[in-house]
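A.B. asks: I have a structure here, written as structure tokens, and I will follow up with some questions on it.
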Amino acid sequence: MMEELITEQANPRTRDIDERSTLEILRLMNEEDKLVAEAIGRELERIAAAVEVIVECLRRGGRLFYVGTGTSGRLGVLDAVECPPTFGVAPEKVQAILAGGYEACYGAVEAAEDDPIAGAAAIAERGVTAGDVVVGVTASGRTPFTLGALKAARSLGAITIGIACNPNPDIARVADLTITPIVGPEVIAGSTRLKAGTAEKMVLNMLSTAAMIKLGYTYGNLMSNLQLKNEKLRRRAISILRQEFALSEDDARRRLEETGWELKTLIVILKTGVAQEEARRALEESDFSIKRAIQKLTAPA
């Protein structure tokens, strides 16, 4: 029954929200949003376990898939498409499967979420294997498309992870690991693009970011592997070099231009003093982890 789901229940604290002033509405929303971080905090051990699974999968050459519908699916798309420019990984490493296809990113395709067979077909279409991890994202925890996808992925031997915002969700029966930040009833009953969506976004942020950090695709807390495809990102790279190596802005830009705007290669060069080709080779042999490349080049013979 829908009314049994916490995410569908009416929030007693916001029953008269339509009679409040604009500032009071915003205060209520802000107070409810504060509950999201607390809910995430209660799930940190499960999130950590999921990160470890994802890291091991990606390290072995597997892929990470997010599956969802509506808001949940769109959040998966958002996280997946940000991984290549932020961490320098290939687009196929982190992929999103959205019910209704990518056109559902900018237009509702509500009926698509009711089809578990379509979810299973999407898994087959992407060629999911036992070496992959599939994360199903569903606020209710019982969306048929997402459950169908996870069942199919599990039958292929892939590791499955569920994210839901209701206790004891159906997705737990088809997921090897389930993350359930319970954020309570929404400000507007059933509008899970609000607290539940925020919780899902936070969990996805943690999964991808922590996994990429563990894989070595940052240098400390710097975006060392970002792809310098526009002036904003090039200026960010210059800023990183100025902070880390006390270069002037002109010198940082010149050194980047000399290396073809390969920030990670330049960091290895500046840290070790090797030539560009040797730095590139060390990065390739270290799966493009700057710290591992530096360790490789500076290890005693």
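The values are calculated or read from the model by the stated rules, or taken from the named source; none is laboratory data. Everything quoted here is computed from the prediction, not taken from an experiment. Here Cβ is always computed from backbone atoms with ideal geometry, including for glycine, and neighbour counts include all displayed protein chains.
A.B. asks: Name the single residue that is farthest from Pro185 (Cα to Cα) among those in the range 36-47 being touching a residue at least 60 places away in the same chain (Cβ under 8 Å) and surrounded by fewer than 16 Cβ atoms within 10 Å (Cβ to Cβ).
C.D. replies: Filtering the range 36-47 for residues that are touching a residue at least 60 places away in the same chain (Cβ under 8 Å) and surrounded by fewer than 16 Cβ atoms within 10 Å (Cβ to Cβ), the one farthest from Pro185 (Cα to Cα) comes out as Arg42.
Listed here are the residues, each with its yes/no results for (1) at pLDDT 95 or above; (2) under 25 Å from Val94 (Cβ atoms); (3) touching a helix residue (DSSP H, G or I) at 6+ places or on another chain (Cβ under 8 Å).
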{"residue": "Leu194", "(1), (2), (3)": "yes, no, yes"}
{"residue": "Thr198", "(1), (2), (3)": "yes, yes, yes"}
{"residue": "Met212", "(1), (2), (3)": "yes, yes, yes"}
{"residue": "Thr218", "(1), (2), (3)": "no, yes, yes"}
{"residue": "Arg236", "(1), (2), (3)": "no, yes, no"}
{"residue": "Glu244", "(1), (2), (3)": "no, no, yes"}
{"residue": "Leu266", "(1), (2), (3)": "yes, no, yes"}
{"residue": "Ile269", "(1), (2), (3)": "yes, no, yes"}
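A.B. asks: What is the number of the single condition among (1) modelled with pLDDT of 95 or more; (2) crowded, with 18+ Cβ neighbours inside 10 Å; (3) part of a loop (DSSP other than H, G, I, E, B) that Ile188 does not meet?
C.D. replies: For Ile188, the exception is condition (2).
A.B. asks: For the range 95-132, which residues satisfy the criterion of being modelled with pLDDT of 90 or more and part of a helix (DSSP H, G or I)?
C.D. replies: Those that are modelled with pLDDT of 90 or more and part of a helix (DSSP H, G or I): Pro116, Ile117, Ala118, Gly119, Ala120, Ala121, Ala122, Ile123, Ala124, Glu125.
A.B. asks: Now for a separate question. I'd like to verify a number: residues in the range 209-244 that are among the polar types (S, T, N, Q) and either in contact (Cβ under 8 Å) with a residue 40 or more places away in the chain or closer than 17 Å to Arg255 by Cβ (or both), how many?
C.D. replies: 6
A.B. asks: Provide a single number: the residues in the range 8-25 that are more than 15 Å from Arg193 (Cα to Cα) and not in a loop (DSSP other than H, G, I, E, B).
C.D. replies: Residues that pass the stated criteria total 10.
A.B. asks: Assuming Val135 fulfils every condition listed in (1) surrounded by fewer than 24 Cβ atoms within 10 Å (Cβ to Cβ); (2) in contact (Cβ under 8 Å) with a residue 40 or more places away in the chain; (3) not in a loop (DSSP other than H, G, I, E, B) apart from one, which condition is it?
C.D. replies: Condition (1) is where Val135 drops out.
A.B. asks: Another question, then. Within 23 Å of Pro85 (Cα to Cα), out of contact with any strand residue (DSSP E or B) (no Cβ under 7 Å at 6 or more places or on another chain) and either without any contact (Cβ under 8 Å) to a residue 40 or more places away in the chain or in the same structural domain as Gly88 (by TED's automatic domain parsing) (or both): which single residue out of Thr265, Thr272 fits that description?
C.D. replies: Testing whether each residue is within 23 Å of Pro85 (Cα to Cα), out of contact with any strand residue (DSSP E or B) (no Cβ under 7 Å at 6 or more places or on another chain) and either without any contact (Cβ under 8 Å) to a residue 40 or more places away in the chain or in the same structural domain as Gly88 (by TED's automatic domain parsing) (or both) leaves just Thr265.
A.B. asks: Pick out the one residue from Asn225, Asn205, Asn221 that is in the same structural domain as Ala37 (by TED's automatic domain parsing) and either on the phi > 0 side of the Ramachandran plot or not basic (Lys, Arg) (or both).
C.D. replies: Asn205
A.B. asks: Take the residues in the range 51-66 that are within 12 Å of the chain's Cα centre (by Cα) and buried (at least 21 other Cβ atoms within 10 Å of the Cβ), then tell me which one is farthest from Cys105 (Cα to Cα).
C.D. replies: Restricting to residues being within 12 Å of the chain's Cα centre (by Cα) and buried (at least 21 other Cβ atoms within 10 Å of the Cβ), the top hit is Ile54.
A.B. asks: Let me ask you something else. Just to be sure before I move on: is Leu64 within 30 Å of Lys232 (Cβ to Cβ) and not small (Gly, Ala, Ser) in the structure I sent?
C.D. replies: Here the answer is yes, as Leu64 does meet what is asked.
A.B. asks: Only one residue in Leu35, Leu58, Leu75, Leu28 is in a helix (DSSP H, G or I), in the same structural domain as Asp132 (by TED's automatic domain parsing), of a type in the set (A, V, I, L, M) and in contact with an Asp or Glu (Cβ under 8 Å, 6 or more places away or on another chain), so which one is that?
C.D. replies: Exactly one residue qualifies, and that residue is Leu75.
A.B. asks: Only one of (1) free of Cβ contacts under 8 Å to residues at least 12 places away in the same chain; (2) in contact with a Lys or Arg (Cβ under 8 Å, 6 or more places away or on another chain) fails for Ile171. Which number is that?
C.D. replies: Unmet for Ile171, out of (1) free of Cβ contacts under 8 Å to residues at least 12 places away in the same chain; (2) in contact with a Lys or Arg (Cβ under 8 Å, 6 or more places away or on another chain): (1).
A.B. asks: Quick one: would you say Glu92 is at pLDDT 95 or above, loosely packed, with under 13 Cβ neighbours inside 10 Å and touching a strand residue (DSSP E or B) at 6+ places or on another chain (Cβ under 9 Å)?
C.D. replies: Considered against the rule, which asks whether it is at pLDDT 95 or above, loosely packed, with under 13 Cβ neighbours inside 10 Å and touching a strand residue (DSSP E or B) at 6+ places or on another chain (Cβ under 9 Å), Glu92 comes out as no.
A.B. asks: Something else about it: Look at the range 207-228 and say how many of its residues are within 12 Å of Val55 (Cβ to Cβ), of a type in the set (Val, Ile, Thr) and in a loop (DSSP other than H, G, I, E, B).
C.D. replies: 0
A.B. asks: Out of curiosity, is Ala237 assigned to a helix (DSSP H, G or I) and either buried (at least 20 other Cβ atoms within 10 Å of the Cβ) or of a type in the set (Val, Ile, Thr) (or both)?
C.D. replies: yes
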